[in-house]
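What follows is a set of notes on a single structure, which appears directly below.
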Amino acid sequence: MTVHETNALHKHMNRLSEVLGTLLVDGFHYLALFAIGGAVVWSAVHAFWGMSLKGAAGIDDILLLFIYLELGAMVGIYFKTNHMPVRFLIYVAMTALTRLLIGDVSSHQPREHEILVISGAILLLAIATLVIRYGSARYPSTSASTSP
């Protein structure tokens, strides 16, 4: 085998491995997204069914449904754009902390510092959202599409 043939075979093997690697990574990516989306839908239906059997939905139940809605929206946006919307993660965290705060207040009398810590965490997440929105408006990414 000549040097020219060896180089040609090497280039062919590189192209083949690149195509196969991309196929495997994309396949795993889509499989994982469908699994995560299915788990979110399954969990949301299970939570809704529990509320229906209970005969009522409290504010913490409704906030849980909003968490599932945000998680589903994140999966959908990531599926369409291949970009993880960080703001949605912050929204989920804010909703979860609000749910925790409401649950603590309604179930037992929390100490003032517990309320302040949770409220402060929500405020910090709100400020983080403001910073991210300002940063993306002021310094838009050239490769990213418009964010919701």
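The values are calculated or read from the model by the stated rules, or taken from the named source; none is laboratory data. As the structure is a prediction and not an experimental result, all values here were calculated from the model. Note that we place each Cβ from the backbone using ideal geometry, even for glycine, and neighbour counts take in every protein chain shown.
Here is how the numbers come out for the structure above:
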| quantity | calculated |
| --- | --- |
| I115 being at pLDDT below 90 and surrounded by 11 or more Cβ atoms within 10 Å (Cβ to Cβ) | yes |
| Residue within segment 129-141 that is surrounded by fewer than 16 Cβ atoms within 10 Å (Cβ to Cβ), modelled with pLDDT under 85 and either of a type in the set (S, T, Y) or over 17 Å from the mean Cα position of the chain (by Cα) (or both) present | yes |
| N14 part of a helix (DSSP H, G or I), modelled with pLDDT under 90, more than 23 Å from L89 (Cβ to Cβ) and among the polar types (S, T, N, Q) | no |
| Residue within segment 56-63 that is more than 24 Å from the chain's Cα centre (by Cα) and among the β-branched types (V, I, T) present | no |
| All positions within segment 36-55 that are free of Cβ contacts under 8 Å to residues at least 24 places away in the same chain, closer than 16 Å to R99 by Cα and within 20 Å of the chain's Cα centre (by Cα) | A47 |
| Residue ranges of helices (runs of 4 or more DSSP H) in segment 37-148 with at least 3 members more than 29 Å from V25 (Cα to Cα) and of a type outside the set (A, V, I, L, M, F, W, C) | 86-107, 112-138 |
| Flag if S106 is over 16 Å from the mean Cα position of the chain (by Cα) and modelled with pLDDT under 85 | yes |
